[in-house]
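What follows is a short report on a single structure.
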Protein chains: 2
Amino acid sequence: MSPPGPRVVVLGGGVVGLACAWSLARRGADVELWDPAPGQGASHAAGGMLAPVSEATYEEEDLLALALASHARWPDFAARLEAGSDISPDLHTEGALHVGMDLDDAREVWRTADLLERYSLPYQRLSSRELRWVAPALAPGARTALLVESDLWVDNRFVVQGLLAASARAGVELVPRRGGLVLEDGRVVGVTSCDHGPPLESRCDTVVLASGVDSGGVPGVAELVHLPLRPVKGQILRMSGARGLLGHTVRGTVHGDHVYLIPRATGELVIGATSEELGDTQVTGRGLLELLRAATTLLPEVGELTLVDAVARLRPGTPDNGPLLGRVGTPGLVVATGHFRHGMLLAPVTADLVTELVLDGTTDVAEAAPFAATRYTPTPLPLSPPTPQ
Amino acid sequence: MSPPGPRVVVLGGGVVGLACAWSLARRGADVELWDPAPGQGASHAAGGMLAPVSEATYEEEDLLALALASHARWPDFAARLEAGSDISPDLHTEGALHVGMDLDDAREVWRTADLLERYSLPYQRLSSRELRWVAPALAPGARTALLVESDLWVDNRFVVQGLLAASARAGVELVPRRGGLVLEDGRVVGVTSCDHGPPLESRCDTVVLASGVDSGGVPGVAELVHLPLRPVKGQILRMSGARGLLGHTVRGTVHGDHVYLIPRATGELVIGATSEELGDTQVTGRGLLELLRAATTLLPEVGELTLVDAVARLRPGTPDNGPLLGRVGTPGLVVATGHFRHGMLLAPVTADLVTELVLDGTTDVAEAAPFAATRYTPTPLPLSPPTPQ
């Protein structure tokens, strides 16, 4: 028998926290995952697009490299997830269509094409006729399209369900509580409950902080590291009755508005998502109206689909749109948060990074280096000359 | 002690069936009300506007007379309902604004004014300045408005809850079953269960048929009377956060689309309603989009309100838009259905009519005469010469 692995507590049960917990447990760690409602945060509302290229923007080359590294890991991650949970994440490989409606929208689509070329990333320009062939349900007025075949997509809710099941099978213990850090002698040594239930404390070798937009507010964190997270609200709809309507995900630019349409194996269509600098999780008239207006313009049949649900959640935004990853100055804490709109895409590489840092003390994930959790923490200036030893 | 009253079974627990059952029980009848889900049909989705004038159209003078008769009974009905249930139906008397956005919309509003004048029904034309004063939250572009002060409104869900409570207190027994008619010797003598539960039969002196759009399909009915009911689907939204936004109901014509906005004492705003010749109760992309587009154009703040629910229900439409009321050729049956978009408004007069017919054998409600339940039932032609007696 191997000696018992290190004890790890993961704070936060979104896709990132769950993927870390599962990975750590598979490599022998003794893992607790603390979350009062696992899978009900931003991961619950995600679209599930795994699209490093489509998400790339100018000046985010480091983020693109990290996204490509995670994208490359997804097929294997999905296969292991299904094997470990008997729940398929429904990984699709047909790719994404970028579609523009009017001439201004077309210009935006071509800017994306220029960007893809700059990074030598593959795509195809489609003529109107080819677009009609590939996606006959789209509005005839849709004038411009790219096909990015390397984009993948999954069903976010199946991913979360699969991670919950696989984690449990791998021995992860779920603790439905909110936790704060416990510090002793300059190191993090565990977590303690900070909600209304009976007191509970758990000692461990490492705490993995993966609480998404709430990470900065976890008791004890602010004293160790500055996590400049802000909530970016996303509203997203699910409609039913769309079986066979689309064979790809569609990223539409519709008279300046953006919308994505993601078909599900269940016959549902996911329509997302607003991006609002707000901290509430209410579904608003404007959110519904804007999503439905853009979606029906792009895909008229959306008008005939049936509303299943409309939800809003908060993405953990950061100043440079990149996540906050890795160790901080204080031993015993590893940070894995700030994934913004990329939590689903970046989960595999984040889980690998965190697992290596916790178990090996170092990591092979070079692409994560620019995203040090400490990059926004000011270096303290000495207030008085150092005392002679 | 007075002798026990007649036994009555009411089929259907919408606002009309509930009002009939409550009224009959108060006058001493021994009443059962059969409905597997009382209050969950069209009454659940109603806006609650009590607006005989606003609902009037040319060529519907008989319906207008019936609506005015019921409108006159509403204040007393509401007071008795509150006294009998301790639930206020939240009757409002501030009136309705008819508002048009563009010039074509204005023409439609003026046609309504002409109609009101033709019937000597009171209203006021408001200047833009007066409209701004009366309803400052409406879009500045709203150019034309009438104020119909006599229009009332209630909270439909409080009405239904009140009727359920008042009926129970008055002795109405609720049977959560679907029933069909039992005929013996050429008369209706009771109802029998026609759903999946254990068999159940109830004998009675009179059955009141108030099953809304399902009335024609109640077993045994089609052989007695032809009820040409068709489903007219209505989708309706409820948003929260609207406290103080409107002091009247608003009936808007917005670039040719119609929308009404009804403030609730709870701070909710009801946005209604589509009118679709469809038989399903699904909330569709188009329904949501059209209601929200018209509502936000008329009242921009709707964009900031929070979605509470979106439901669809079926109104029982008839060829002449009037209800189907009264006895049929076969004794033991009284019909009270086909109220289309007017169930809430017409409930008091319908309850009075039905109560008088059941208990007194005749009625003082003269306005109901044009709406005989038998008016669409063809008179059978003798197939052979009458046999000599």
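The values are calculated or read from the model by the stated rules, or taken from the named source; none is laboratory data. All figures in this text were calculated on a predicted structure; none of them were measured in a lab. Positions of Cβ are generated from backbone atoms using ideal geometry, with glycine treated the same way; all protein chains shown enter the neighbour counts. Quick note on the areas: whole protein, heavy atoms, side chains included, nothing else; ligands and nucleic acids left out. Shrake-Rupley method; radii C 1.70, N 1.55, O 1.52, S 1.80 Å.
Projecting the Cα atoms of A:V188, A:A168, A:F158 onto the charge dipole of the range A:139-203 (Cβ charges, centred on the Cα centre) puts A:F158 farthest toward the positive pole. Classify the range A:218-289 as rounded, prolate or oblate, taking a ≥ b ≥ c as the square roots of the eigenvalues of its Cα gyration tensor: rounded when a/c is under 1.5, otherwise prolate if a/b is larger than b/c and oblate if not. The shape class here is prolate. With the convex hull drawn over the C-alpha atoms of the protein assembly as shown, the volume per residue is 252 Å³.
What share of all Cα pairs of chain A, in percent, falls into each consecutive 20 Å distance bin? P(r) over chain A, rounded to whole percents: 28, 55, 16, 1. Ranking A:R178, A:R80 by solvent-accessible area of protein heavy atoms (1.4 Å probe, all protein chains present), from largest to smallest, gives A:R178, A:R80. Think of each Lys and Arg Cβ as +1 and each Asp and Glu Cβ as -1; about the Cα centre, that makes the dipole of chain A roughly 380 debye. Largest GNM mean-square fluctuation across A:P323, A:P176, A:P348, computed for chain A with C-alpha springs under 10 Å, falls on A:P176. Other residues lying with their Cβ under 10 Å from the Cβ of B:A170 contribute a combined charge of +3, Lys and Arg counting +1, Asp and Glu -1. Placing a pseudo-label 7 Å from each Cα along the Cα-to-Cβ vector at B:T379 and A:R118 gives an inter-label distance of 8.6 nm. Translational diffusion of the range B:164-204 was estimated from the Stokes-Einstein equation, with Rh taken as the Kirkwood radius over Cα pairs; at 4 °C and 1.567 mPa s the coefficient is 112 µm²/s.
Would you work out if the range B:262-359 is rounded, prolate or oblate? Take a ≥ b ≥ c from the square roots of the eigenvalues of the alpha-carbon gyration tensor; rounded if a/c is under 1.5, else prolate when a/b is larger than b/c, oblate otherwise. It comes out prolate by the Cα gyration axes.
Accessible surface buried at the A:B interface totals approximately 1500 Å², computed with a 1.4 Å probe on protein heavy atoms. Solvent-accessible area of A:Y119, all protein chains in place: 50 Å² (probe radius 1.4 Å, heavy atoms, ligands and nucleic acids excluded). Per atom type, the protein assembly as shown shows carbon and sulfur on 53% of its accessible surface, probed at 1.4 Å.
If you take all other residues with their beta carbon under 9 Å from the beta carbon of B:S43, and give Lys and Arg +1 and Asp and Glu -1, the sum is +2. Note on B:220-231: average number of Cβ atoms from other chains within 10 Å of each residue's Cβ is 0. Projecting the Cα positions of A:G303, A:G287, A:G267 onto the charge dipole of the range A:234-309 (unit charges on Cβ atoms of Lys, Arg, Asp and Glu, taken about the Cα centre) puts A:G267 furthest along the positive direction.
How do B:E184, B:E356 stack up against each other in accessible area, from largest to smallest, with a 1.4 angstrom probe?
B:E184, B:E356
Every helix of 4 or more DSSP H residues in the protein assembly as shown counts as -39500 (n - 2.57), and over all residues that averages to -9000 deg cm²/dmol at 222 nm. Could you compute how fast the range B:127-273 diffuses translationally, taking Rh as the Kirkwood radius over C-alpha pairs and applying Stokes-Einstein at 4 °C with viscosity 1.567 mPa s? Give it in µm² per second. Result for D is 66 µm²/s. Overall, the anisotropy analysis places the range B:79-133 in the prolate class: the square-rooted eigenvalues a ≥ b ≥ c of its C-alpha gyration tensor yield a/c not less than 1.5, with a/b exceeding b/c. Projecting the Cα atoms of B:T253, A:V208, A:L126 onto the charge dipole of the protein assembly as shown, computed from C-beta unit charges around the Cα centre, puts A:V208 farthest toward the positive end. With a cut-off of 11 Å between beta carbons, the residues surrounding A:A29 carry a summed charge of 0, where Lys and Arg count +1 and Asp and Glu -1. When DSSP beta bridges are restricted to pairs lying wholly in the protein assembly as shown, around 70% turn out antiparallel.
Under the convention that each Lys and Arg Cβ holds +1 and each Asp and Glu Cβ holds -1, the size of the dipole of the range B:247-364 around its Cα centre is about 120 debye.
In the assembled protein chains, A:W22 presents an accessible area of approximately 10 Å² (probe radius 1.4 Å). Anyone know which of A:V154, A:V302, A:V134 comes out most mobile in the 10 Å Cα GNM of chain A? Residue with maximal mean-square fluctuation among A:V154, A:V302, A:V134: A:V134. For the set A:R375, A:R157, B:R129, B:R293, solvent exposure ranked by accessible area (probe 1.4 Å, protein chains only) runs largest to smallest as B:R129, B:R293, A:R375, A:R157.
Rounded to whole Å and sorted largest first, what semi-axes of the equivalent ellipsoid does the C-alpha gyration tensor of the range A:30-137 yield via the square root of 5 times each eigenvalue? Working shown, then result.
On the way: eigenvalues 204, 65, 44 Å².
Taking √(5λ) for each Cα gyration eigenvalue gives 32, 18, 15 Å.
Excluding ligands, DNA and RNA, the accessible surface per residue across the range A:114-154 is 53 Å² with a 1.4 Å probe. Placing +1 on the Cβ of every Lys and Arg and -1 on the Cβ of every Asp and Glu, with no other charges, gives the range B:95-185 a dipole of roughly 300 debye about its Cα centre.
Relative to the longest principal axis of the Cα atoms of chain B, the long axis of helix B:285-298 makes an angle of roughly 50 degrees. Accessible surface computed residue by residue for the range A:263-389, with neighbouring protein chains in place and a 1.4 Å probe, gives 40 Å² per residue.
Between the Cα long axis of helix A:15-26 and the first principal axis of chain A there is an angle of about 50°, rounded to the nearest 10. Secondary structure note: in chain A, about 70% of the DSSP beta bridges are antiparallel. Between 0 and 90 degrees, the angle of helix B:156-169 with respect to the longest Cα principal axis of chain B falls at about 30 degrees. Of the residues B:G197, B:G272, B:G17, the one that moves most in a GNM of chain B with alpha-carbon contacts below 10 Å is B:G197. How large is log10 I(q)/I(0) at q = 0.21 Å⁻¹ when the Debye formula is applied to the Cα atoms of the range B:114-207, each weighted equally and without solvent? Reported log10 I(q)/I(0), two decimals: -1.13. Could you let me know the centre-to-centre spacing of the range A:189-244 and the range A:113-179, using Cα atoms, in angstrom? So the separation of the two Cα centres works out to 25 Å.
Measuring spread by the Cα atoms of the range B:1-59 yields a radius of gyration and Dmax of 15.4, 51 Å. Within the range A:278-297, the residues that become at least 50 Å² less accessible when every protein chain is included than when their own chain is isolated (1.4 Å probe; DNA, RNA and ligands ignored) are A:G285, A:R286, A:L288, A:L289, A:L292.
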